[in-house]
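J.: Before I ask anything, here is the structure I am working with.
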Amino acid sequence: MSALASRLSQRAHEVTLVTLGDGQGDRHEVDASVQRRRLNLLFQQKSWLGKVSGNRRRVVELRNTLSEISPDVVLSFCDRTNVLAGFACPKGVPLVLSERSDPSQQHLGRTWEWLRDRSYRRAQHLIALSDTAAEHLSRRFSVPLSVIPSAVDMPPVRSDRAIAEVNQLVIGIGRLEPEKGFDRLIRAFAQADYESSNWRLRILGEGSCREALQELVQQLGLQDRVDLPGWVRPVWNELAAATMFVLPSRYEGFPSALLEAMVVGVPSIAVDCESGPRAILAERQGRISLATHTDRGGLQVAPTEFGQEPLPGGLLVPNDTASMSDAMRAFMADSPTRERTGRQGIKVAEGFSWQKLVARYEAVLEKAVESSR
């Protein structure tokens, strides 16, 4: 969201970024031209009544803030925030909701799903990250719908393969949450264990699973070979030093971490969790076509073609630990394939640059404004 807000502002739009938090945990910088509103509403409530009261307060304060800003259009990111935005958006202001995960896998619980059914119908437009997510949303909501994948910044550095090969370093990046599958990555790394103990694993991120992952590292006797340093920003130097990147997610929306690794030139392995990695790596096909869903009256955007290489930038493997381990072992043993795959991955990832995709967000927002008049 911060990257998109910055780029829309740079394209001469007046942008205000409203966050429910206080900004203390921000991991991304925002352009100075973007106005900020930090609502400090991410307090935790334990009781059911407390949670209801807390979310009612969030809706009221968000509505008051939006009314004060008086925007031409509201764009909201992420499922629960989208639900709140649907109820908070002032009457007459067009609302665009962007789903950032795979809604067929990311279940919010009975109450939140009931609320989502009612909230999302208030939107003028929905945005999905992949065709898989769009198909689910189109069956559920009669709202115009477009597919716009995640975008990636162009890195200030590229992978120096001579240095990266010496490092023998596997890297993973993401929130330390169950759906990200880092427990599987640690087990797969232990099973791969190619010929020597020189290979290391470094997982960047924070989350509720940190303690469990640290315990798993201890159980497997990997404490000298697995490192969990938390979030490290900027991430580019970390990626440039990596010999390979692995995405172990149980499910995804459209993984920015995979795009970041590929655009730096890091040879990458991703499990096939349907939404996201499959579209990026295209199941080893020479093209990727990102269709825009228009059956509900959505904006028409021409399909986009990306890399034409026979190996499109990475390995797409079945969604299980054994397959991940086999792929890691194969990559560890084959430096020429790693080098070739990393080089090809740059070409694929560059097709997802902000320069190519920000105009598609802009078009959807303009369409929402026009349709509300």
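J.: Can you confirm whether residue 304 is in contact with a Leu (Cβ under 9 Å, 6 or more places away or on another chain), modelled with pLDDT of 85 or more and under 19 Å from residue 278 (Cα atoms)?
T.: Values: in contact with a Leu (Cβ under 9 Å, 6 or more places away or on another chain): yes; modelled with pLDDT of 85 or more: no; under 19 Å from residue 278 (Cα atoms): yes.
For residue 304, the condition - in contact with a Leu (Cβ under 9 Å, 6 or more places away or on another chain), modelled with pLDDT of 85 or more and under 19 Å from residue 278 (Cα atoms) - is not met.
J.: Let me ask something else. Consider residue 221 carefully, then state whether it is within 22 Å of the chain's Cα centre (by Cα) and either in the same structural domain as residue 96 (by TED's automatic domain parsing) or of a type in the set (Gly, Ala, Ser) (or both).
T.: Numbers: within 22 Å of the chain's Cα centre (by Cα): no; either in the same structural domain as residue 96 (by TED's automatic domain parsing) or of a type in the set (Gly, Ala, Ser) (or both): yes.
The answer is no for residue 221.
J.: Condition check: touching a helix residue (DSSP H, G or I) at 6+ places or on another chain (Cβ under 8 Å), farther than 24 Å from residue 318 by Cα and either of a type outside the set (Ser, Thr, Tyr) or surrounded by fewer than 20 Cβ atoms within 10 Å (Cβ to Cβ) (or both). Does residue 188 satisfy that? Before you say what the answer is, go through the steps one by one.
T.: Working: touching a helix residue (DSSP H, G or I) at 6+ places or on another chain (Cβ under 8 Å): yes; farther than 24 Å from residue 318 by Cα: no; either of a type outside the set (Ser, Thr, Tyr) or surrounded by fewer than 20 Cβ atoms within 10 Å (Cβ to Cβ) (or both): yes.
So residue 188 does not fit the description; no.
J.: So, in the range 336-355, exactly how many residues are in a helix (DSSP H, G or I), within 26 Å of residue 74 (Cβ to Cβ) and under 17 Å from the mean Cα position of the chain (by Cα)? Please lay out each step first, then the result.
T.: Residues of the range 336-355 in a helix (DSSP H, G or I): 336-350, 354-355.
Imposing the further condition that a residue be within 26 Å of residue 74 (Cβ to Cβ) reduces the set to 354-355.
Pick out the ones that are also under 17 Å from the mean Cα position of the chain (by Cα) and you get 354.
Counting residues in the range 336-355 that are in a helix (DSSP H, G or I), within 26 Å of residue 74 (Cβ to Cβ) and under 17 Å from the mean Cα position of the chain (by Cα) gives 1.
J.: Sticking with this structure for a sec: Suppose we keep only residues that are more than 16 Å from residue 324 (Cβ to Cβ) and without any contact (Cβ under 8 Å) to a residue 40 or more places away in the chain within the range 156-185. Which one would you say is surrounded by the fewest Cβ atoms within 10 Å (Cβ to Cβ)?
T.: 162
J.: Taking only the range 101-121 into account, find how many residues are without any contact (Cβ under 8 Å) to a residue 24 or more places away in the chain and small (Gly, Ala, Ser).
T.: The qualifying residues number 1.
J.: Right, something else. Name the single residue, out of those in the range 13-47 being small (Gly, Ala, Ser) and exposed (fewer than 14 other Cβ atoms within 10 Å of the Cβ), that is farthest from residue 82 (Cα to Cα).
T.: From the range 13-47, those small (Gly, Ala, Ser) are 21, 23, 25, 32-33, 47; that's our starting set.
In the following step, the residues that additionally are exposed (fewer than 14 other Cβ atoms within 10 Å of the Cβ) were identified as 21, 23, 25, 32, 47.
Values: 21: 15, 23: 19, 25: 20, 32: 25, 47: 23 Å.
For the range 13-47, the residue satisfying everything is 32.
J.: Which condition from (1) surrounded by 15 or more Cβ atoms within 10 Å (Cβ to Cβ); (2) of a type in the set (Asp, Glu); (3) over 25 Å from the mean Cα position of the chain (by Cα) is the one that residue 206 breaks?
T.: (3)
J.: Would you tally the residues in the range 99-126 being farther than 18 Å from residue 74 by Cβ and crowded, with 22+ Cβ neighbours inside 10 Å? Full working, then the answer.
T.: First, the residues of the range 99-126 that are farther than 18 Å from residue 74 by Cβ: 101-114, 117.
Then keep just the ones that are crowded, with 22+ Cβ neighbours inside 10 Å; that gives 102-103.
Counting residues in the range 99-126 that are farther than 18 Å from residue 74 by Cβ and crowded, with 22+ Cβ neighbours inside 10 Å gives 2.
J.: Can you go through 98, 76, 150 and tell me which one is among the polar types (S, T, N, Q), closer than 24 Å to residue 362 by Cβ, in contact with a strand residue (DSSP E or B) (Cβ under 8 Å, 6 or more places away or on another chain) and touching a residue at least 24 places away in the same chain (Cβ under 8 Å)? Spell out how you get there, then give the answer.
T.: Numbers: 76 fails: touching a residue at least 24 places away in the same chain (Cβ under 8 Å); 150 fails: in contact with a strand residue (DSSP E or B) (Cβ under 8 Å, 6 or more places away or on another chain).
Checking each option against the conditions leaves just 98.
The values are calculated or read from the model by the stated rules, or taken from the named source; none is laboratory data. Keep in mind that what you see is a predicted model, and the values were worked out from it rather than measured. Backbone-built Cβ (ideal geometry, glycine too); neighbour counts: all protein chains shown.
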